[in-house]
Amino acid sequence: MRVSIFGTGYVGLVTGTCLAEVGHDVVCVDVDAGKVERLHQGIIPIYEPGLEPMVKANHAAGRLDFTTDAARAVAHGEVVFIAVGTPPDEDGSADLQYVLQVARTIGEHLQAPTIVVDKSTVPVGTADRVRATIAEVLAARGADIAFDVVSNPEFLKEGAAVEDCMRPDRIVLGVDDPRAAEKLKRLYAPFNRNHDRFVVMDVRSAELTKYAANAMLATKISFMNEIANIAEKVGADVEMVRKGIGSDPRIGWHFIYPGAGYGGSCFPKDVQALARTAQQVGHQPLLLDAVEAVNERQKGHLHELVTRHYGDGGISGKTFAVWGLAFKPDTDDMREASSRRLLAQLWESGARVRAYDPEAADEARRIFGDRDDLVLCASAADALDGADALVVVTEWKQFRSADLAQVRAKLGDAVVFDGRNIYRPEDAEDAGLAYYGIGRGRSVRAH
Ligand code: UDX
């Protein structure tokens, strides 16, 4: 099938590449000529396991092309995806300017009946706006061309996006016309393994499904962070509590890890946007607001532990080794990352930072620029050199296997703040380190 995709960001590039991988003829279009040129050379703008070789192979095979030529892309696609960004507006609602700009572009160039697919995460009602925008431009052209607008949200996790795209657990199709669903089922047939993964519904329900999924997951995390904070105060260990509740299949093991708060391009933005939608339709989103508030507070929790440990002496002049800057492992993405809050707070308190992240150093350089109080280090061990304390913010695998005795030997103040609970308090304490985790009241009480 001939497919075009507007937007070569995270979602667009992964979706386009996976569709090419299963044999479709894909053209990805982007307004950024530099990015398109780099993609032609096989240079991928993001770090995502497995993506680069797949882009190169499909590009070489002629199934995946990149262009800035929107007219060509619209003419090419029987199915045209909108996969551009929906950044938060000032009030937290999703900014639809890029989505609607693509809708206008589609309207300007449409020549034959086409299915337009909203892949971007967009508020309920956006498909109607996309449809109206395209219709308006077509009417201005005096053109009478049939088109459908379908909502087909993505559920890709950064770091596992290729795998999630190739082996989805569900494929949600929000359609007005069953014929559009049939066509998209053919498009996605290669991904529909073992049993039927299609969930066909109306457009608005599909739009809401995406927000509901992310808000539910964010709720689980904030819930566990709330329990962690209670555990800390009552002298319990949330890691034990987590093990104690996860085996109940109604609760489950996933997304009940307490930590330094959730970040990334989806949860913070989507929880806020859903809350704004609720308000706009006259519903007070009590739970969603709490989920967000708990997360905001949680992002400051590591700094609170640091301040608690150092007490009246403060941390001015201290040097902190920070392990992990990305919002989670296996990505270089620092959007809404908890590390950003921590670093800002450490700097505000007059401390210096030696940071190491296996992938996000370039991104950190771009965000923070040159600063006297930040050294981006080449290795985890390097970050410890001359540091007084260690803070773990992202749970990259390599940090889990750290030799805590060596960590102890390098740190001036022999203290570790474990923002993802990757160490056992007793191991850290055996190595001679003061240990602070998230929600580990037992160890916090000991110091
Ligand atoms: C998420 C959804 O999982 C995905 O389905 C959707 O399409 C996009 O948003 P992503 O943002 O890539 O994906 O990352 P995810 O693995 O879900 O983690 C999000 C954040 O939550 C990270 O900061 C992570 O550290 C945090 N998290 C996750 C926790 O703090 N505890 C947990 O138990 C799980």
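Here, each number is a calculation from the coordinates, and none is a lab measurement. Since this is a predicted model, take the numbers as computed values, not measurements. As a convention, Cβ positions derive from the backbone with ideal geometry for all residues, glycine included, and neighbour counts pool all protein chains shown.
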Problem set entry | Under 5 Å, built H, 5+ apart or other chain: amide partners of residue 173 | 199, 200, 201
Problem set entry | Backbone HN-Hα couplings from phi across the range 339-345 [Karplus 6.51/-1.76/1.60, Hz, Gly and Pro as x] | 4, 5, 5, 4, 4, 4, 5
Exercise. So which trypsin sites (Lys or Arg not before Pro) in the range 329-389 end up in coil per DSSP with only 16 or fewer other C-beta atoms within 10 Å?
Worked result: 371
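Can you work out the FRET efficiency for the pair residue 362 and residue 2, with r the C-beta to C-beta distance and R0 = 30 Å, to the nearest 0.05? Walk me through the intermediate numbers first.
Details: r = 35 Å, r/R0 = 1.18.
Taking R0 as 30 Å, the efficiency between residue 362 and residue 2 is 0.25.
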Exercise. How far is helix 267-280 tilted off the main Cα axis of the chain, in degrees rounded to 10, range 0 to 90?
Worked result: 60
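Quickly estimate the mean residue ellipticity at 222 nm for the chain, helices only: each DSSP H run with n ≥ 4 gives -39500 (n - 2.57), and the total goes over all residues, rounded to 500. If you can, show how the numbers build up before the last one.
Numbers: 20 runs with 208 residues, N = 447.
After summing the helix terms and dividing by the residues of the chain, the value is -14000 deg cm²/dmol.
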Seminar exercise, completed: For the pair residue 286 and residue 52, the simple spin-label estimate (label points 7 Å beyond Cα toward Cβ) gives in nm 5.1
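Report the gain in length on full extension from residue 245 to residue 170: 0.36 nm times residue separation, minus Cα-Cα distance, nm rounded to one decimal. It would help to have the intermediate numbers written out before the result.
Numbers: separation 75, 0.36 × 75 = 27.00 nm, distance 2.64 nm.
Stretched out fully, the residue 245 to residue 170 stretch lengthens by 24.4 nm.
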Problem set entry | FRET efficiency, residue 254 to residue 233 (Cβ-Cβ, R0 22 Å, nearest 0.05) | 0.25
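Return the Rg/Rh ratio of the chain with Cα-based radii and a Kirkwood Rh. Don't jump to the answer; show the numbers that get you there.
On the way: Rg = 23.9 Å, Rh = 23.6 Å.
Ratio of gyration radius to Kirkwood radius: 1.01.
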Exercise. Between residue 223 and residue 381, what is the label-to-label distance in nm when each label sits 7 Å out along the Cα-to-Cβ direction?
Worked result: 4.3
Exercise. Hey, what do the phi angles of the range 44-49 turn into as Karplus ³J(HN,Hα) couplings, whole Hz, using 6.51/-1.76/1.60 and θ = phi - 60°, x for Gly and Pro?
Worked result: 9, x, 10, 9, 8, x
Exercise. To the nearest 10 degrees, how steeply does helix 301-310 sit against the main Cα axis of the chain, on a 0 to 90 scale?
Worked result: 10
Seminar exercise, completed: Surpassing 24 Å at the alpha-carbon level, of the pairs 233/269; 269/397; 157/185; 35/185; 210/328; 243/318, are 233/269; 269/397; 35/185; 243/318
Exercise. Taking amide H positions as placed 1.01 Å from N in the peptide plane, with prolines and chain starts having none, which residues 5 or more places from residue 319, or on another chain, fall under 5 Å of its amide H?
Worked result: 352, 388, 389
Problem set entry | Long-range HN-HN contacts of residue 336 with modeled amide H, under 5 Å | 264
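If each residue's Cβ is checked for other Cβ atoms within 10 Å, how do 121, 394 rank with the fewest at the top? Intermediate values should be presented prior to the final figure.
Working: 121 23, 394 29.
By the 10 Å Cβ count, ascending, the order reads 121, 394.
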